[in-house]
Structures are given as C-alpha cells and as structure tokens.
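Please read the structure below before turning to the comments.
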Amino acid sequence: MSFKKMKASELTTMIVNKEPLFILDVRNEADFQDWKVEGHDFNYLNIPYFELLDGVEGIIEQLPKDQVILVVCAKEGSSIMVAEMLSDEGLEVSYLEGGMKAWSEHLEPVKVGELSTGGEMYQFVRMGKGCLSYMVISDGEAAIIDATRMIDVYLDFAKEKKVKITHVFDTHLHADHISGGRDIAAKMDAVYWLPPKDAEEVTFNYAKLEDGSEVKIGETSINIHALYSPGHTIGSTSFVVDERYLLTGDILFIDSIGRPDLAGLADDWVGDLRESLYKRYKQLSSELIVLPAHFMMIDELNDDGSVAGKLGVLFKQNHGLNIEDESEFRKIVTENLPPQPNAYQEIRQTNMGKITPDNDKQREMEIGPNRCAVR
Amino acid sequence: MNEVKANQTVDAKGLACPMPIVRTKKAMKELEAGQVMEILATDKGSKADLKAWSESTGHQYLGTVEEGEVLKHYVRKASEYEEQPERHHPHVIKNDELTEKIAKGESLQILDVREEAEYAFGHIPGALSVPFGRLQQELNKLNQDEPIYVICRTGNRSDMAAQLLESKEFKAVNVVPGMNSWSGKVEGI
C-alpha cells in the first residue's frame with residue numbers, strides 16, 4: 001500500500017465543497033486544542049505522533065473504513081511517518097503536504113464579482129488562519145488591501161492578470177498576522193497607505209489614509225473611498241470600492257464583530273466600535289457587499305468559498321449588530337473574550353517596523369487562529 | 001551562564017520532527033533511572049513535544065536553555081522509587097513551615113539532593129546542591145552542628161538522604177512534599 005499527499009489547495013476545495021474527511025492529527029494535544037483544520041463535515045482523532053512510535057495497531061480500530069483519512073502534523077515529517085505506518089497496515093491514507101505550517105500560509109484566490117467599468121474584485125482566502133485580503137483590478141492597474149506576508153501570491157497573480165500594482169492599503173495595524181503591504185509597495189513602487197492614527201509609532205514612510213481619501217485605480221476610475229471607522233483599533237478605516245463593496249477590515253465580519261482589546265484599550269474603544277457599527281455603517285447603502293478582513297468560523301463561508309454578505313442582511317442577522325442595549329454590548333465585547341492571538345504584541349511591533357524577525361520567526365509568530373472577532 | 005549537567009546527550013540538531021523524539025526515546029533506554037538526558041535540537045517544535053512526551057511517559061521534563069539556534073532540553077528519566085510514597089525518616093517539615101522560617105530571615109542550612117540539572121532550573125535561594133548519588137562522598141560540605149533541611153522533588157530522595165545523614169550523625173529534617181509544590185521563592189535559569 002502506498003500513501004498519498006494532499007496539497008493545501010486540495011484540502012481547501014474539500015472544505016468549500018463540504019466534503020467529509022477524517023483527520024488524524026498527530027500533533028500534541030495542546031496544539032490540537034488550540035488550532036486545527038476545520039470543515040463542515042470533518043471528524044477528528046488526535047493522537048500525538050510520539051505515542052505511535054512503537055506502532056499504530058492500537059488506533060486502527062478508531063479509524064473509519066469508508067472515509068478519506070488525512071494525517072496532519074506541524075510540518076509534515078511526523079504525518080509522513082504515521083501515514084507510512086498506517087499504509088503498511090493496509091489502510092489508504094493521505095498526509096497534508098507541509099503540515100499546519102503550509103496550511104497556515106495557503107491563500108486561495110476567489111473572484112467576488114465584477115466592477116462597474118469591467119474591473120474585478122478578488123478575495124484571497126487564507127483558510128487556515130481565517131484572514132482575508134483583496135485585490136481590486138481595473139484597467140491594467142491593481143490595488144491590494146490587507147495583504148498577508150506571502151507577497152509572491154499577489155505578485156504572481158498580478159503578473160498573470162497583466163496588471164500593475166499601484167496602491168497597497170492596510171485597513172488598520174494588524175495584530176494577528178504580519179502585513180505584506182509595505183514589502184509589496186516597496187517592490188512594485190506602489191503607494192502604501194495606512195491610517196495615521198494607527199501609524200503613530202511606525203518607523204517607515206507611508207501615505208496617510210484618512211476619512212474621505214479617494215484613490216483611483218486605472219484610468220476608468222474605480223473609486224476607493226475611505227471611511228473612518230474606529231473600534232478594533234483607533235485608526236481602523238473601511239473602504240467603499242466602486243460604490244458596491246464595503247471593505248470593513250476588522251470592524252465587521254459576517255457573523256461576528258471586531259474585538260476592541262488587541263491594542264490594550266478595550267474600555268476606551270467600545271464606544272467607538274459601537275458608533276462605527278451602529279451609526280456610521282447604518283448611514284451606508286444596505287445594498288453594499290461587506291468584505292471583511294477575517295472570518296471566524298467556516299460557517300461564514302459562502303458556497304463558492306468566498307466570505308461576503310450584503311450590509312442590509314448583516315444588519316438583520318449578524319449577532320454583533322443586534323445588541324440593542326449599550327451596556328450589554330459593552331459587556332460582550334470586553335468580557336469573556338477569546339484568548340488573544342499568538343504573539344500579537346510582537347506582530348504589532350513587526351507591522352510598525354520596530355522589529356524585523358526572519359521568515360521562520362514570522363511563521364512561528366503567526367501560528368494559530370486569528371481570534372480578532374467576538375460573537 | 002549556568003551549565004546544566006547531564007549524564008548523556010542526544011544530538012538532534014538539524015533534524016526535523018519526529019526525529020528529535022525518536023532519538024530521545026531510543027537513548028532514554030540506555031539511561032539509568034533518575035539520570036538526566038540532554039537533548040540538542042534546532043526544531044522549534046521539539047520543546048512542546050518533548051514536554052508532552054515526557055508527561056505521557058512519566059519522565060520529568062526539567063527545562064530548556066536556548067543558545068542561539070540550539071535548544072538544549074533536559075529530561076530526567078523516571079525512577080521507580082519515586083512511585084513509592086512510603087517515608088521512613090521521622091523528622092519532617094512542611095513546605096510552608098520552611099517558607100515561614102526563610103521569611104523570618106533565619107539562617108538555614110538547606111540541602112537540595114536532586115540532580116544538578118533539576119537544581120539549575122529552579123531551587124530555593126541559598127540551597128546547597130548535592131545530588132543524592134554523591135551525598136556520601138560530599139558530607140564534608142555540610143555543617144554537623146546545625147539542622148539540615150533536605151529537599152528533593154517529591155520528598156522521597158530527600159527521605160533517603162535524611163536517613164543517610166542521621167546515620168552519619170547529622171541532624172536532618174526532610175522537607176515535604178518538596179520542590180514539586182514549592183510556592184516560596186526560587187531562583188534558577
């Protein structure tokens with residue numbers, strides 16, 4: 001018997017198609033509890049690889065006979081070992097190529113829709129971590145919003161589409177992932193925009209993204225209109241693109257809202273968060289399609305793998321937009337918050353340019369789910 | 001920097017998971033119970049995995065020292081006598097009673113009979129380190145006129161040490177339960 005390898009992109013397809021899968025996760029228990037591959041119809045067994053060094057006979061009973069089995073570990077080495085042992089026992093199994101490390105870094109581009117003048121809006125879904133970034137394409141030019149540090153994915157995509165990246169934005173100073181915005185802008189000689197209130201401590205030059213800022217992508221003028229919406233961070237800024245899409249950053253997600261505590265000022269920013277969500281967004285057209293910077297649960301995925309929803313629908317269905325009582329709202333977004341993202345302080349420092357960890361270190365800092373939302 | 005003493009070293013530098021654990025598991029078989037293994041690794045994940053592996057096998061994970069790219073892990077092989085909670089030495093003092101004495105500023109003779117690597121990762125400030133296996137040869141380090149508060153991890157090695165000391169005309173008091181649940185001050189790596 002031989003065993004197969006499964007690529008992160010194949011696993012993404014299984015998740016989007018809601019296919020069933022049995023995951024044998026051989027990382028240690030704490031890592032598994034903290035973060036795992038999530039799917040609608042996935043079943044799990046977590047047995048650390050070091051308990052299987054003497055053989056896998058003991059767990060074969062616990063494995064299904066009629067389901068695809070995927071062995072997952074941190075970097076793939078242990079999953080190959082276990083997959084080999086299982087296949088020696090006559091089971092048909094696969095392992096996840098590159099392990100959770102590769103899973104954390106995989107970006108899947110999904111087309112969200114067309115723009116009025118023939119351009120396109122793409123969403124890059126980072127399935128393993130729940131991060132979403134965007135590329136707006138119009139008339140040979142492109143803008144990127146909330147880029148991850150896997151910048152080659154965007155650069156290759158732009159090359160393939162034969163467009164020039166002219167503007168790069170971050171909706172806010174991220175605390176859960178390292179931004180690739182600055183690097184992309186430097187490489188492509190593009191403008192890097194940041195909200196100045198989030199950028200008071202940054203060590204590099206940037207263009208000030210302020211309420212009312214307008215940027216055109218391509219000659220046919222796709223407008224990117226900035227909208228100050230503090231709450232997750234003091235500078236958090238949303239964008240309206242082509243009067244059609246509302247990029248909400250970490251303020252509003254599909255079925256959850258941003259948490260206000262990651263820069264250490266939960267109590268101060270609760271009021272801002274409520275104002276942004278319940279007043280500023282209320283004034284916008286309910287037809288706008290919300291494109292957030294994260295998803296928290298795979299239930300927030302649409303059938304095509306995208307994460308998007310009409311603002312009007314979100315106002316009716318999103319839990320975070322339907323808390324009438326202000327003190328109740330305050331309680332929900334400041335108490336019983338999920339644990340903070342791994343290394344979030346160091347990630348903020350990196351995004352400010354204060355520290356420059358090497359690639360391995362950056363990868364390690366980003367391990368785990370994003371945890372930017374409350375519900 | 002403190003050097004941590006170990007009885008054997010496993011070199012797993014440059015090896016990816018699962019090899020650091022595979023090598024350690026193999027090498028542990030040759031180690032005597034109670035001895036300390038040093039594992040050199042560059043795989044960052046080896047720390048959490050060694051910790052979890054030690055827990056599941058009953059070995060005692062002592063700690064990790066980082067030296068540049070290299071992680072030096074220390075694991076003490078589980079020994080059977082620690083599983084027997086039977087104690088024989090009549091004079092004992094509880095952890096918190098000793099903490100109180102220390103807090104009062106009394107000058108105390110505290111003897112830590114754990115392995116040096118265990119001592120290195122956390123001990124009572126001022127405690128003297130003499131591993132149980134070497135006690136017989138190093139009795140001259142101790143003061144016969146003052147009581148000796150003997151401590152180990154769980155009170156068992158210190159029980160045997162206290163008996164040994166009494167037979168050599170020292171005044172020994174066994175500290176129970178020991179460093180395992182010590183909540184007073186500690187110093188170490």
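Only the coordinates and a few stated rules stand behind these numbers; no lab work does. All values reported here derive from a predicted model rather than from experimental measurement. Quick reminder, even Gly has a Cβ in these numbers, built from the backbone with ideal geometry, and neighbours come from all protein chains shown.
Tabulated data for the structure shown
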| quantity | calculated |
| --- | --- |
| Relative contact order [Cα under 8 Å, 6+ residues apart], the stretch A:107-374, whole percent | 18 percent |
| Translational diffusion coefficient (Stokes-Einstein; Kirkwood radius from C-alpha pairs) of the stretch B:92-174 at 4 °C, 1.567 mPa s, in µm²/s | 102 µm²/s |
| Antiparallel bridges, percent of DSSP beta bridges restricted to chain A (to nearest 5) | 55 percent |
| Shape call, the stretch A:99-252: gyration tensor on alpha carbons, a/c limit 1.5 | rounded |
| Nearest-0.05 FRET efficiency for B:GLU32 and B:LYS101, computed from C-beta distance (R0 41 Å) | 0.75 |
| Per residue convex hull volume, Cα atoms of the protein assembly as shown, in Å³ | 186 Å³ |
| Among A:GLY249, A:GLY309, A:GLY90, residue whose mean-square fluctuation peaks in a GNM of chain A (springs only between Cα atoms under 10 Å) | A:GLY90 |
| Farthest toward positive dipole pole in chain A [+1 Lys/Arg, -1 Asp/Glu at C-beta], among A:PHE22, A:TRP193, A:SER327 | A:TRP193 |
| Cross-link pairs A:LYS7/A:LYS129; A:LYS36/B:LYS26; B:LYS25/B:LYS51; A:LYS164/A:LYS310 - those with Cα-Cα distance over 18 Å | A:LYS36/B:LYS26; A:LYS164/A:LYS310 |
| Along principal axes, Cα extents of the stretch A:220-307, largest first, whole Å | 40, 31, 20 |
| Computed FRET value (nearest 0.05) for A:SER286 with A:GLN62, which takes r as the C-beta separation and R₀ as 45 Å | 0.35 |
| MRE, 222 nm, helices only [DSSP H, n ≥ 4, -39500 (n - 2.57), over chain A, to nearest 500] | -7000 deg cm²/dmol |
| Along principal axes, Cα extents of the stretch A:284-360, largest first, whole Å | 44, 36, 25 |
| Global geometry of the stretch A:168-293, whether rounded, prolate or oblate, following the gyration tensor of its Cα atoms and the 1.5 cut on a/c | oblate |
| Förster radius 60 Å - calculated FRET efficiency between A:ASN17 and A:GLU324 (Cβ-Cβ, nearest 0.05) | 0.95 |
| Angle between chain A longest axis and helix A:266-275 axis [Cα atoms, degrees, rounded to 10] | 60 degrees |
| Angstrom value of the Kirkwood radius, inverse mean 1/r, which spans all Cα pairs in the stretch A:4-102 | 13.3 Å |
| Under the Karplus curve 6.51 cos²θ - 1.76 cosθ + 1.60, θ = phi - 60°, whole-Hz ³J(HN,Hα) for the stretch A:318-333, x wherever Gly or Pro sits | 5, 4, x, 9, 10, 10, 4, 6, 5, 6, 5, 4, 4, 5, 5, 8 |
| Intensity falloff of chain B expressed as log10 I(q)/I(0), Debye formula with alpha-carbon point scatterers, at q = 0.14, 0.18 Å⁻¹ | -0.79, -1.15 |
| The stretch A:1-99, relative contact order [Cα under 8 Å, separation at least 6], % | 39 percent |
| Dimensionless Rg over Rh [the stretch A:111-185; C-alpha; Kirkwood] | 0.95 |
| Low-density loop positions, GluC sites (Glu not before Pro), the stretch A:19-64 - DSSP coil, at most 12 other Cβ in 10 Å | A:GLU61 |
| Spherically averaged projected area in nm², based on the convex hull that wraps the Cα atoms of the stretch A:214-254 | 3.1 nm² |
| Hz values of 3J(HN,Hα) by residue in the stretch A:232-246 - Karplus curve (6.51, -1.76, 1.60), Gly and Pro given as x | 6, 10, 5, x, 2, 10, 9, 10, 10, 10, 6, 6, 10, 10, 10 |
| The stretch B:8-78: Cα Rg divided by the 2.2 N^0.38 Å rule of thumb | 0.96 |
| Convex hull volume per residue in cubic angstrom - Cα atoms of the stretch A:244-375 | 126 Å³ |
| Kyte-Doolittle at least -0.5, axis length at least 15 Å by Cα - qualifying DSSP helices, chain B | none |
| If the convex hull is drawn through the Cα atoms of the stretch A:42-99, its volume per residue in Å³ | 80 Å³ |
| Tilt relative to chain A, helix A:151-160 - C-alpha long axis, 0 to 90 degrees, to 10 | 80 degrees |
